[in-house]
1. Taking a point 7 Å out from Cα toward Cβ as the label site, list the nm distances between A:Lys49 and the same residue in every other copy, smallest first.
2. Could you work out, for chain B, what percent of all Cα-Cα pairs fall into each 20 Å distance bin, beginning at 0 Å and stopping at the bin that holds the largest distance?
3. Would you mind giving the three semi-axes, in whole Å and largest first, of the ellipsoid equivalent to the range B:276-374 according to its Cα gyration tensor?
4. Applying 1/(1 + (r/R0)^6) with R0 = 45 Å to the Cβ-Cβ distance of B:Ala200 and B:Lys367, what FRET efficiency is obtained, to the nearest 0.05?
5. Copy-to-copy spacing for A:Gly122, label 7 Å out on the Cα-to-C-beta vector, in nm, shortest first?
6. A:Val270 to A:Lys49: extension gain in nm, 0.36 nm per residue of separation minus the Cα-Cα distance?
7. Near the amide H of A:Cys269, under 5 Å away, which other amide H atoms are found, from residues 5 or more places off or on another chain, if H is placed in the peptide plane?
8. Could you put A:Tyr229, B:Tyr67 in order, starting from the residue whose Cβ has the fewest other Cβ atoms within 10 Å?
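Please treat every number below as a calculation from the coordinates, not as lab data. None of the values given here were measured: they were computed from a predicted structure. Reconstructed Cβ throughout: ideal geometry from the backbone, glycine too, with neighbour counts over all protein chains shown.
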Protein chains: 2
Amino acid sequence: MSPITFKVLKKNKDSRARLGRLTTPHGEVDTPIFMPVGTQATVKAISSKDLLASHAQIILANTYHLYLRPGHELIEKAGGLHAFMGWRRPILTDSGGFQVFSLAGLNKITEDGVRFQSHIDGSYHFFTPEKVMEIENSLGPDIIMAFDECTPYPCEFDYARRSMERTSRWLERCIATHQRPDEQGLFGIVQGSVYPELRARSVELTLSRDLPGYAVGGLSVGEPKEQMYEMMTATLPLMPEEKPRYLMGIGYPEDLIQGVKLGADMFDCVIPTRYGRTGTAWTRFGKLTVKNATYAEDFRPIDDQCSCYSCRNFTRAYIRHLFQVGEILAPHLTTIHNVHFFLSFMTDMRQAIAEERFIEWSQDFLKNYQPQSNLNKPE
Amino acid sequence: MSPITFKVLKKNKDSRARLGRLTTPHGEVDTPIFMPVGTQATVKAISSKDLLASHAQIILANTYHLYLRPGHELIEKAGGLHAFMGWRRPILTDSGGFQVFSLAGLNKITEDGVRFQSHIDGSYHFFTPEKVMEIENSLGPDIIMAFDECTPYPCEFDYARRSMERTSRWLERCIATHQRPDEQGLFGIVQGSVYPELRARSVELTLSRDLPGYAVGGLSVGEPKEQMYEMMTATLPLMPEEKPRYLMGIGYPEDLIQGVKLGADMFDCVIPTRYGRTGTAWTRFGKLTVKNATYAEDFRPIDDQCSCYSCRNFTRAYIRHLFQVGEILAPHLTTIHNVHFFLSFMTDMRQAIAEERFIEWSQDFLKNYQPQSNLNKPE
């Protein structure tokens, strides 16, 4: 029996948005959920106690990075990723399928796997479905992702088709080699670039195997937003009701709304952490580049309605000063705020779904929210 | 009446060590106390909640740095340093007398004050006792230090004498210009380089003014440790029983013991923060350079008897990995440990004084403690 179970608790009439509960060996997760990204066994710039304070339920870690440093054998010796990083709640690891194509040097793909160069020291490595399962089994997270090829954008139809079919064959090999099926749930990944017919075929191939969850990959890789939404619309409704649907690498608040509306349950993205440590806060009004000189004498919190540690205790002027003088507390406080914002945003969304007012809630949210603008008006 | 009062609660028979309580507008401080350094309005790499968790009672901030960035007027507008940095407990600011000589470019000293160049942009500035009081009055800490010249080591006798006498005249000017004597306590600073007779004369001149506290400055500036201890021995016993004695810029655990033994009550030093963020932890056994490869597979905490957040949750191997991959959590966790170590060390010291076993306690501590060695034995 799979260690990962999923229950749909509530469905809405006016959209595919749904409320669910994911059960894992390290506890339950309320869906729809956003997973902060902990690439190198830490969510950048914050600690596990900050994650707990933000009510994080599940985090993501990157197989590619952890394989390179400190190495999966070391993490296994430490008792697995949960023990190593001091995080006792659920963890999901990706498969490295995105990083070997986007981050690593010179890569060569064959039916067997991918040969790539480490982005750190240029050393050569070879990932196969079997190798990736070995790594993810060693790391020991609750949910492990199958090894896939994440095609870039743009991508020719023929290549996208061949790649998607290979990803499907790789999934078979992942299933065959997964050593801890009673402790870790393996999710399959739907690919197919921006071609609806390939997406549909990929869903068919992926769903032919009974897995505890299914993901949509290969989106938010550079395609126009309309095309991303089109693919979400073409893919998500084909996925089974009774299994969690994970929309990988997405996204911005407006994308999360769109994903939930189409029935997605799980999301991850580096936005809160990447923007946080480089000086941009996310709020219900949009981005606020708190490190800007505009905020030098702005003695309001990032968001006066936010209940995070940073907003309860510090002003924009203080955080701007910390960025200005290069203090570590600057990315720390801004990341605490951003992670809290994204997780509260999902909590609000779940509440709205529970009360069957998700569409209304999302319209209200988007009314105030300016995706492309900065909140540059000083007090 | 001074806003700073001091009460000696207990004296020991076998040393000058004493237990005291300092009362300030932002609360009480148990002495002997170590003050973590918050140079730029943050104790580097940790937040005020981490300081509270380590039971920090009072912190220090640097006038020179805050004058340059973000500027004392901005901090005054924010409601003072306590409000600006979200720290509601006592704060002490130094006078910039150390930084204008050690950090700033080309400085020129006259009777009037010191002309110096910013270490950030090379711009010219002029600090006088009057200017420094204006800055410290704007910053609004509980305790402000008089503007002094911190002589370098080595320093000719004649120069040390002239400088010490000028520092004493500057103290007069500080007293005359201090605008908030009912809200902020002004401490005078004893100088005199490594010359006992100058130290004695400086004590005389400084004590001729009734101030809420007195400090010993100009030590730990490069002189041999024996000479530093000699000056502490020559100076501290001359200082009044009923006032707090602050030994500036000191120090290492063995120096803190020495200072307390000679009757010092307050200390500050960048050791826990500077070492913490560069990968060295302090323990009851000495330094432990946790970022070293030695600890790559060491799954013990930094110190298994330490109760700090880092030691309760993370291993040397994990923290070493974080340093290795350049994660902000690395300096954060190591600094949390170090600040906790120094503050617990002082708590233990106070306990020992209360129980009249300070000498015994310090001998026990020094028996296990290796000032110069690393704890390099892996498990």
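1. 0.8
2. Reading the bins upward from 0: 29, 59, 12, 0.
3. Over the Cα atoms of the range B:276-374, the ellipsoid semi-axes are 27, 13, 10 Å.
4. Numbers: r = 34 Å, r/R0 = 0.77.
Using R0 = 45 Å, I get an efficiency of 0.85.
5. Shortest to longest, the spacings are 3.7 nm.
6. Stretched out fully, the A:Val270 to A:Lys49 stretch lengthens by 77.7 nm.
7. Under 5 Å from the amide H of A:Cys269 lie the amide H atoms of A:Met35, A:Val37, each far enough along the sequence or on another chain.
8. Result, fewest neighbours first: A:Tyr229, B:Tyr67.
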